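*Asks:* Before I ask anything, let me first share the structure, which is written out below as structure tokens.
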Amino acid sequence: MKTLLATALLVLCVISSEAAYTEFYCDFTNGDNLNSGSTTNAAATISYTSKVVASGWDSTTGIFTVATGNPASAGIPLNEWASVYVTAGATIATFIARITATNGTTITVSLTAKSGTAPATDSLGATTIRVGGVWKGPNGTVNFPFNFVTATQTNLNSGVAQGLAPRVNLKATATYSVTANIFSSKAGPIVWQGMTAWGIPGDLGKATIDCPTVGASVSLLSSSGANNDYRDLILSNSGATSGTSDGITCNGNEVTFTRCVVHDVRRSGFVLSGSSVTLVECETYFCNGSNTSNKGGFEIVANSTYLWRCIAHDAIGNVNSGFQIQAAAALVGCVADTCGQHGYNVVSAAGTVLSNCDAYNNVGSGIDLSASSATPIVVENCNLLKNGAWGINSSGSAIRNGLITNCGFGSGIQTNTLGNINLTVMGAILITGTVSYPTDVTPWVDPANGDFRINLPQAQAVGRGAFTQTQASYTGAIAYPDVGAGQHRPAVLSYPFSN
């Protein structure tokens, strides 16, 4: 038993260990976008002007000859980063590269481990090099360092031939105030992540990118580059009075959003139109302020979209659904709470899976199959309570197939107004097993305040978890999940969970 517990703890530690990256930093209050972004100090560690000599800066070799000073004695470490730019009128870095060598008169930077385009060769002393220093990050109409950092901005690492992927850490002590759309089109792998404390990248602190609420809206973030990861970011407040812009639009492929939040925007919080986009533990609220049809918290447009433990709530407006599902998608452990239309509006005819999801207190149905064409659907171990129409409805057509199994429904003041499942429009869907909760109670701790932890015995460990096993030597595999998103924690469980 001790060996088993030790093994479990080891596995948890391995899962929760932090990956290694080439780290860069933004600080809205103290940073400067002409720095190299590679250190947390506000100013660059050191800077030089190029010497007035033939090829004082040589764009073909990456050699920068300094006008005065001695780089070799300045303590510049190899594998540090430098920003090289034309001095006159410069406000934003245009070329950042890893330092590969120094001597008494020169600094050499890589022409492959870099981002941006090297300035033209200079013999007039018109070029500057800055070593280190934190970036300011996006501000006003400035997009930087989004759409600048590339996957080639990597350090020297003997264990990874191509170097470690870059991670840009946005310090969360001040809001990044923007007035224009942030574009992020460079292909990764690149990580963009909030951070609270210097020296602890990945500490789960959330950085806020905010647009002034007055006037017309702007789209806050447009992500078109493949293989980007966005983590621990809040995007908010765009267009309090007018406009029809979305919060985050993603048409890049293989993109992941983890613990990202969008709130107070004019249309959908997330618009997911890239292939193989994954969202983990993301949140939307007060989205679609314009009350535009077919918009809401999460708008799924492209196939192969996956959402894990995402929550959409307080989407006010009579055409506002928490999850607007227009393409093939799988949603696991998601919550739709207090939305003006449906919790989950399934427009897709390509197939949708809803597993261990919750729909509570939505004005329309908890789940509505609104596609006018044939639609396959799997709904398993979901809770649907206190919705203003049906728990599960099919308003678009009765040409349906798939499975609805082991879902939980309330009674008394927690009933769905029109009923649990509209059986007359479910077509060929196989409906098996329902869980009925006691009068006037929910299976959750405090859903009115967003606490969807399962605390009702009738919902605990009674979810469907069957496997099909027909080979003679294969027997007995079965899972015992709760019904709903917030799985309960047994009292005897003592080992730690990973964040």
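*Asks:* How about region 283-333: which of its residues are among the aliphatic types (A, V, I, L, M) and touching a His at 6+ places or on another chain (Cβ under 9 Å)? Spell out the reasoning first.
*Replies:* Applying the first criterion (among the aliphatic types (A, V, I, L, M)) to region 283-333 yields 300-302, 307, 311-312, 315-316, 319, 325, 327-332.
None - no residue of region 283-333 is among the aliphatic types (A, V, I, L, M) and touching a His at 6+ places or on another chain (Cβ under 9 Å), so the list stays empty.
*Asks:* Mind checking whether some residue in region 188-202 is in contact with an Asp or Glu (Cβ under 8 Å, 6 or more places away or on another chain), within 18 Å of T22 (Cβ to Cβ) and among the aromatic types (F, W, Y)?
*Replies:* Yes, that holds for at least one residue.
*Asks:* Of the conditions (1) surrounded by fewer than 19 Cβ atoms within 10 Å (Cβ to Cβ); (2) assigned to a strand (DSSP E or B); (3) out of contact with any Ser or Thr (no Cβ under 9 Å at 6 or more places or on another chain), A101 fails just one. Which one is it?
*Replies:* So A101 meets the others, but not (3).
*Asks:* So, A327, is that one touching a residue at least 24 places away in the same chain (Cβ under 8 Å), outside any strand (DSSP E or B) and either more than 21 Å from N422 (Cα to Cα) or outside the structural domain of T424 (by TED's automatic domain parsing) (or both) or not? Write out each step before concluding.
*Replies:* Values: touching a residue at least 24 places away in the same chain (Cβ under 8 Å): yes; outside any strand (DSSP E or B): yes; either more than 21 Å from N422 (Cα to Cα) or outside the structural domain of T424 (by TED's automatic domain parsing) (or both): yes.
When the stated conditions are applied, A327 passes them.
*Asks:* If you don't mind, there's one more thing I want to ask. What are the residues in region 310-344 that are in contact with a Gly (Cβ under 6 Å, 6 or more places away or on another chain) and surrounded by 24 or more Cβ atoms within 10 Å (Cβ to Cβ), if any? Don't jump to the end; show me each part of the working.
*Replies:* Quick first cut of region 310-344, residues in contact with a Gly (Cβ under 6 Å, 6 or more places away or on another chain) only: 312, 315-318, 320-322, 324, 328, 336, 339-343.
Within region 310-344, A312, A315, N320, S321, G322, Q324, A336, C339, Q341, H342, G343 meet the criteria.
*Asks:* Could you please find all residues in region 349-386 being on the phi > 0 side of the Ramachandran plot and either buried (at least 20 other Cβ atoms within 10 Å of the Cβ) or at pLDDT 95 or above (or both)? Walk me through how you get there before you give the answer.
*Replies:* Start the filter on region 349-386 by keeping residues that are on the phi > 0 side of the Ramachandran plot, which leaves 351, 356, 361, 381, 386.
Scanning region 349-386 gives N356, N361, N381, K386.
One line per residue, one yes/no per condition, for (1) modelled with pLDDT of 90 or more; (2) of a type outside the set (D, E); (3) surrounded by 11 or more Cβ atoms within 10 Å (Cβ to Cβ):
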{"residue": "S411", "(1), (2), (3)": "yes, yes, yes"}
{"residue": "T417", "(1), (2), (3)": "yes, yes, yes"}
{"residue": "V435", "(1), (2), (3)": "yes, yes, yes"}
{"residue": "D440", "(1), (2), (3)": "yes, no, yes"}
{"residue": "D446", "(1), (2), (3)": "yes, no, yes"}
{"residue": "R453", "(1), (2), (3)": "yes, yes, yes"}
{"residue": "Y480", "(1), (2), (3)": "no, yes, no"}
{"residue": "L493", "(1), (2), (3)": "no, yes, no"}
{"residue": "F497", "(1), (2), (3)": "no, yes, no"}
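*Asks:* Hey, another quick one. What pairs come up if the first residue lies in region 343-357 and is outside any strand (DSSP E or B), the second is aromatic (F, W, Y) and at pLDDT 95 or above, and their beta carbons are under 8 Å apart, counting only those six or more places apart or on different chains?
*Replies:* Sorted first by the residue in region 343-357, then by its partner, the pairs are G343/F323; G343/Y360; C357/Y344.
*Asks:* Conditions: (1) among the aliphatic types (A, V, I, L, M); (2) in contact (Cβ under 8 Å) with a residue 12 or more places away in the chain; (3) surrounded by fewer than 23 Cβ atoms within 10 Å (Cβ to Cβ). I209 meets all but one. Number of the miss?
*Replies:* Result: I209 passes all but (3).
*Asks:* Still on this structure, please answer the following. Consider G463 carefully, then state whether it is modelled with pLDDT under 90 and either under 20 Å from N416 (Cβ atoms) or surrounded by 11 or more Cβ atoms within 10 Å (Cβ to Cβ) (or both). First the steps, then the outcome.
*Replies:* On the way: modelled with pLDDT under 90: yes; either under 20 Å from N416 (Cβ atoms) or surrounded by 11 or more Cβ atoms within 10 Å (Cβ to Cβ) (or both): yes.
Judged against the criteria, G463 is a match.
Yes/no per residue for (1) in a loop (DSSP other than H, G, I, E, B); (2) over 26 Å from S184 (Cα atoms); (3) modelled with pLDDT under 95:
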residue	(1), (2), (3)
I76	yes, yes, yes
S83	no, no, no
G89	yes, no, yes
A93	yes, no, no
T112	no, no, yes
A118	yes, no, no
R130	no, no, no
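*Asks:* Related question: Limited to region 212-226, what total is found for residues that are surrounded by 18 or more Cβ atoms within 10 Å (Cβ to Cβ), touching a strand residue (DSSP E or B) at 6+ places or on another chain (Cβ under 8 Å) and not in a strand (DSSP E or B)?
*Replies:* Step one: filter region 212-226 for residues surrounded by 18 or more Cβ atoms within 10 Å (Cβ to Cβ), giving 217-226.
Going one step further and asking which of them are touching a strand residue (DSSP E or B) at 6+ places or on another chain (Cβ under 8 Å), we end up with 217-225.
Pick out the ones that are also not in a strand (DSSP E or B) and you get 217-220, 224-225.
Adding up the residues that qualify gives 6.
*Asks:* Do we have any residue at all in region 146-165 that's aromatic (F, W, Y), outside the structural domain of A93 (by TED's automatic domain parsing) and either under 17 Å from V262 (Cβ atoms) or in contact with a Cys (Cβ under 7 Å, 6 or more places away or on another chain) (or both)? Explain how you work it out, then say what you get.
*Replies:* Looking only at region 146-165, we keep the residues that are aromatic (F, W, Y), and these are 146, 148.
If we keep only those that are outside the structural domain of A93 (by TED's automatic domain parsing) too, we end up with 146, 148.
Okay, now just the ones that are also either under 17 Å from V262 (Cβ atoms) or in contact with a Cys (Cβ under 7 Å, 6 or more places away or on another chain) (or both), so 146.
Looking through region 146-165, at least one residue is aromatic (F, W, Y), outside the structural domain of A93 (by TED's automatic domain parsing) and either under 17 Å from V262 (Cβ atoms) or in contact with a Cys (Cβ under 7 Å, 6 or more places away or on another chain) (or both).
*Asks:* Being in a loop (DSSP other than H, G, I, E, B) and outside the structural domain of A374 (by TED's automatic domain parsing) is true for just one of T475, T417. Which residue is that? Break it down stepwise before answering.
*Replies:* On the way: T417 fails: outside the structural domain of A374 (by TED's automatic domain parsing).
Among T475, T417, only T475 is in a loop (DSSP other than H, G, I, E, B) and outside the structural domain of A374 (by TED's automatic domain parsing).
*Asks:* While we're looking at this one, here's another question. When you check V265 against the structure, is it out of contact with any Lys or Arg (no Cβ under 8 Å at 6 or more places or on another chain), surrounded by fewer than 24 Cβ atoms within 10 Å (Cβ to Cβ) and over 16 Å from I377 (Cβ atoms), yes or no?
*Replies:* Values: out of contact with any Lys or Arg (no Cβ under 8 Å at 6 or more places or on another chain): yes; surrounded by fewer than 24 Cβ atoms within 10 Å (Cβ to Cβ): no; over 16 Å from I377 (Cβ atoms): yes.
It is false that V265 is out of contact with any Lys or Arg (no Cβ under 8 Å at 6 or more places or on another chain), surrounded by fewer than 24 Cβ atoms within 10 Å (Cβ to Cβ) and over 16 Å from I377 (Cβ atoms).
*Asks:* Among the residues of region 241-259, write down those that are part of a loop (DSSP other than H, G, I, E, B) and in contact with an Asp or Glu (Cβ under 7 Å, 6 or more places away or on another chain). Working first, answer last.
*Replies:* If we filter region 241-259 for residues that are part of a loop (DSSP other than H, G, I, E, B), which is where we start, we get 241, 243-247, 251-255, 259.
Selection gives R259 alone.
The values are calculated or read from the model by the stated rules, or taken from the named source; none is laboratory data. Predicted model, so just to flag it, every value in this text is computed and none were measured. Ideal geometry is used to build each Cβ from the backbone, glycine not excepted, and the neighbour counts take in all protein chains shown.
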